[in-house]
Amino acid sequence: MPVPPGIFRVEAMANFLRTIEFLCLSLWLGSDVFLSFVVAPGAFRVLASRDQAGAVVGFALWWMHMIGVICGVVFLVTRFLRTRSFSTLVAPATLCVVLMIVLTVTSQHAVSPRMAELRGQMGSIEATEARNPLLVEFQKLHRRSVMLESGVLLAGIAAMFWLVREGG
């Protein structure tokens, strides 16, 4: 029995959309790993001051957050277009991506602005006394930021696991 030609187009479109899902998740995870393990340590090792390094990392982090949220939204839209089912929105891979978006938006809009404000008030993190309350709060927020980014990375790895496990 011959296969109707339309089935090949539907299968090709599903494969294309699934590729977009993997691409979005890969770009986001890759940028997170690159910033965390290459850009940040490199900036603090190569640049003349911790203040300059922090400015570079902050700039890169802003862009990584924007790219991540865009990738997350494209992932969700693509996933819905591919499956045409609202049940896919509660699948483990989808929930992990939603968590990634929430953690990223929290970092970008709740933690990063306060860190920038504190950095401005101190003038120089490097020149600020270790027991200064502004620096203590900054360090607390920095730890929170690292925890949020770690959560994004772990959720992304889990999302990739679930996406691969789903198969075609």
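Tally up the residues in region 55-94 that are surrounded by 15 or more Cβ atoms within 10 Å (Cβ to Cβ), assigned to a helix (DSSP H, G or I) and among the hydrophobic types (A, V, I, L, M, F, W, C), please.
Summing the residues that are surrounded by 15 or more Cβ atoms within 10 Å (Cβ to Cβ), assigned to a helix (DSSP H, G or I) and among the hydrophobic types (A, V, I, L, M, F, W, C) in region 55-94 gives 14.
Only one of A116, A110, A130 is of a type in the set (G, A, S) and either touching a residue at least 12 places away in the same chain (Cβ under 8 Å) or touching a helix residue (DSSP H, G or I) at 6+ places or on another chain (Cβ under 7 Å) (or both); which?
On inspection, the qualifying residue turns out to be A116.
If the Cβ limit is 6 Å and pairs must be 6+ apart or interchain, which residue in region 31-56 that is farther than 20 Å from V69 by Cβ pairs with which residue that is assigned to a helix (DSSP H, G or I) and open to solvent by 60 Å² or more (accessible area, probe 1.4 Å)?
Once the first residue is farther than 20 Å from V69 by Cβ and sits in region 31-56, its partners that are assigned to a helix (DSSP H, G or I) and open to solvent by 60 Å² or more (accessible area, probe 1.4 Å) give A43/V56; A53/F44.
Residue check, V146 against (1) over 18 Å from L76 (Cβ atoms); (2) in contact (Cβ under 8 Å) with a residue 60 or more places away in the chain; (3) open to solvent by 30 Å² or more (accessible area, probe 1.4 Å), all met but one. Which one?
(2)
Would you mind stating whether V97 is touching a Cys at 6+ places or on another chain (Cβ under 9 Å) and surrounded by 14 or more Cβ atoms within 10 Å (Cβ to Cβ)?
Considered against the rule, which asks whether it is touching a Cys at 6+ places or on another chain (Cβ under 9 Å) and surrounded by 14 or more Cβ atoms within 10 Å (Cβ to Cβ), V97 comes out as yes.
Restricting to region 37-54, name every residue that is out of contact with any helix residue (DSSP H, G or I) (no Cβ under 7 Å at 6 or more places or on another chain) and open to solvent by 60 Å² or more (accessible area, probe 1.4 Å).
Correct list: F37, V38, R45, V46, A48, Q52.
Return the only residue of V164, V152, V136 being crowded, with 18+ Cβ neighbours inside 10 Å and aliphatic (A, V, I, L, M).
V152
Can you tell me which residue is farthest from M147 (Cα to Cα) among those in region 91-126 that are touching a Ser or Thr at 6+ places or on another chain (Cβ under 6 Å) and of a type in the set (A, V, I, L, M, F, W, C)?
M122
The values are calculated or read from the model by the stated rules, or taken from the named source; none is laboratory data. Note that the structure is predicted; figures quoted are calculated from it, not measured. Neighbour counts are summed over all protein chains in view; Cβ atoms, including those assigned to glycine, are modelled from backbone coordinates with ideal geometry. Ligands, DNA and RNA are stripped out before the accessible areas are found, and what is left, the full protein with its side chains, is counted by its heavy atoms. Shrake-Rupley method; radii C 1.70, N 1.55, O 1.52, S 1.80 Å.
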